[in-house]
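First comes the structure, then the notes that go with it.
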Amino acid sequence: CSAARCADVAGAVRRQLALAVPARLLLPPLLAHLDAAAEAGPESACGLLGLLGAAVDAMDGAALSSHYEAVAAALLRALDLRRRRPAALLAASDGLDRTEAAAVACYVRLALRLTEARFRPLFLRLLEWADAAPAAGEP
């Protein structure tokens, strides 16, 4: 199995998981393991965020309305990885950039599925996060 072929197969499996497993069963372990995936490296973090984005795309309206806030909170944690600087993401030259890009892509997928009334508080939370000063000792 060549590395490129394995990556394609893994991507197909992740897409199928998002379609086959209900959001109420898929999201809790995904959201709980975001930090562990970041500690494992950019491939793990990007894979998890890609699966999360596919799950957002596959959710029906009822599942989306019950899970969108938890997904958005997890995505803010993913965007905050640059401040936390996990060693595994720093080890790859573009690890943080790829992980942030995957988190932004997932956030966009979520935003496109929300109504304006549901998106507005998430957007305001995102602005607060962006304005927040780093804690003492953070770069």
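The values are calculated or read from the model by the stated rules, or taken from the named source; none is laboratory data. As the structure is a prediction and not an experimental result, all values here were calculated from the model. Quick reminder, even Gly has a Cβ in these numbers, built from the backbone with ideal geometry, and neighbours come from all protein chains shown. Calculation scope for accessible area: heavy atoms of the full protein, side chains included, ligands and nucleic acids excluded. Shrake-Rupley method; radii C 1.70, N 1.55, O 1.52, S 1.80 Å.
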Fill in the blank from the handout: The FRET efficiency for A87 and A12, from their Cβ-Cβ distance with R0 = 35 Å and rounded to 0.05, is 0.70
Problem - Summed side-chain charge close to G50 - residues other than G50 whose Cβ falls under 9 Å, Lys, Arg +1, Asp, Glu -1 - result: +2
Exercise for the section: Would you work out the charge dipole size for the chain about its Cα centre, treating the Cβ of every Lys and Arg as +1 and the Cβ of every Asp and Glu as -1, and quote it to the nearest 20 debye? Expected result: 220
Completion exercise
Counting only protein heavy atoms with a 1.4 Å probe and every protein chain in place, the carbon and sulfur fraction of the accessible surface of the chain in whole percent equals 60
Problem - Helix-only [θ]222 nm of the chain, DSSP H runs n ≥ 4, -39500 (n - 2.57) each, per residue, nearest 500 - result: -26000 deg cm²/dmol
Problem - Integer Hz, Karplus 6.51/-1.76/1.60 couplings in order for the range 99-104, x for Gly and Pro - result: 5, 4, 4, 5, 5, 5
Handout entry: For the chain, alpha-carbon Rg over 2.2 N^0.38 Å
Key = 1.07
Problem - Theoretical gain in end-to-end length, A130 to E39 [0.36 nm per residue, Cα-Cα removed] - result: 30.5 nm
Handout entry: Relative contact order of the range 3-131, defined on C-alpha pairs under 8 angstrom at six or more residues apart (%)
Key = 29
Handout entry: Extent along principal axes [Cα atoms of the range 1-52; Å; largest to smallest]
Key = 34, 27, 12
Problem - Å² per residue, accessible surface of the chain at 1.4 Å - result: 55
